1. Which whole-angstrom value gives the distance between the alpha carbon centres of the range 188-209 and the range 262-308?
2. Is any residue of the range 139-172 close enough, with backbone N under 13 Å, to a label point placed 7 angstrom from the Cα of S200 along the Cα-Cβ axis, and if so, which?
3. Given [x] 5, 16, 16, 16, 19, 17, 9, 2, 0; [y] 6, 29, 38, 22, 4, 0; [z] 5, 21, 26, 22, 16, 8, 1, 0, which label gives P(r) over Cα pairs in 10 Å bins from 0, in percent as computed from the coordinates?
4. With springs connecting C-alpha atoms under 10 Å apart, model the chain as a Gaussian network and identify which of Q67, Q242, Q98 has the largest mean-square fluctuation.
5. Excluding the sites themselves, what is the longest stretch of the chain that contains no GluC sites (Glu not before Pro) in a DSSP loop with at most 11 other C-beta atoms within 10 Å?
6. Rounded, prolate or oblate: which one fits the range 113-288, using the alpha carbon gyration tensor with axes a ≥ b ≥ c (rounded when a/c is under 1.5, else prolate when a/b beats b/c, else oblate)?
7. Just list whichever of K15/K93; K189/K238; K23/K59; K68/K298 have alpha carbons separated by over 32 Å in the model shown.
8. Run the numbers for R231 and H290: contour at 0.36 nm per residue of separation, minus the present Cα-Cα distance, in nm.
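Please treat every number below as a calculation from the coordinates, not as lab data. Bear in mind the structure is a predicted one, so any value in this text is a computation, not a measurement. Counting neighbours? That spans all protein chains shown, and the Cβs are built from the backbone with ideal geometry, glycine included.
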Amino acid sequence: MEKQKTISEVAQQWKTDKQMYVKRSSWSAYALLLENHIMPVFGASEHIEEQDVQGFVLKKLGDGLSQKSIKDILIVLKMILKFGEKKKWLVYKPFSVQFPTQRERHHVDVLTRSHQKIVMDYVREHFTFRNLGIYICLSAGMRIGEICALTWEDVDTDNGVIHVRRTIQRIYIIEDGSRKTELLLDTPKTKNSIRDIPMSGELLKVLKPIRKIMNANFFVLTNDAKPTEPRTYRAYYKSLMQSLNIPDLKFHGLRHSFATRCIESKCDYKTVSVLLGHSNISTTLNLYVHPNIEQKKKCIDQMFKALK
């Protein structure tokens, strides 16, 4: 084995290697996890014991970090350790950590039907391109980065379809110890996110008359060659909801509302999953499909009816 390297030294080599194979946004996210979480604790170490990682997990939970965020950090840490072992720079001892049992079910905040109607009616009566984006999100379940990246070329009113091909996000770039941010327009992270979403009759009625006169290369939200970025659009959305006296709901709640209305309308789960661009149907089921007591009772009654 070559001379032992510290986690920090291995991580620098790993980052350089990883940069060639992953999207710029992913690489930026890895670099941020390294700088904020992994290096301050493990950077100077040449090896890591399982008890060290378990203590790290409990400390991060105590700091208020979510289990998902901590698991993302551990994925990066394992990739670095395995990379170091492959290069014979350190000894990697596989570790297994425990998380406290989560007893609370994840709650998804959505607009009520009445509040959704208020928002959609308002947009139809007060047309602006920024308002149109909110209407599209409620009608198609798009993410904020996807709606900010949508151009008129993606709006196919002849076939009644919206083509989701890109997303936009502001990423952190860490170079030589300094931080800066960069607005990145790129393809979505997963292939499932690249999708075609049929327009509802109402949405088509709004879009068809104006699509013909729009520059295909302009962004929908700005009707200009320059896009708006998610944090700017999020701020606009928040002020609009406040002006309509709608209870505080994150922008992502529009996507949740679309999905919930689909499930309530008895759409099959696989179709909803594809419309949302989820990587697998289990994501959709875990988020949105929580049968109530009446549905459970009906299921059991049907089962016994079939037995007879």
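1. The two parts, judged by their Cα centres, are 24 Å apart.
2. 139-142
3. [z]
4. Result: Q98 has the largest fluctuation of those listed.
5. 105-308
6. rounded
7. Going by Cα-Cα distance, K68/K298 fall outside the 32 Å limit.
8. Gain in length upon complete extension: 18.1 nm.
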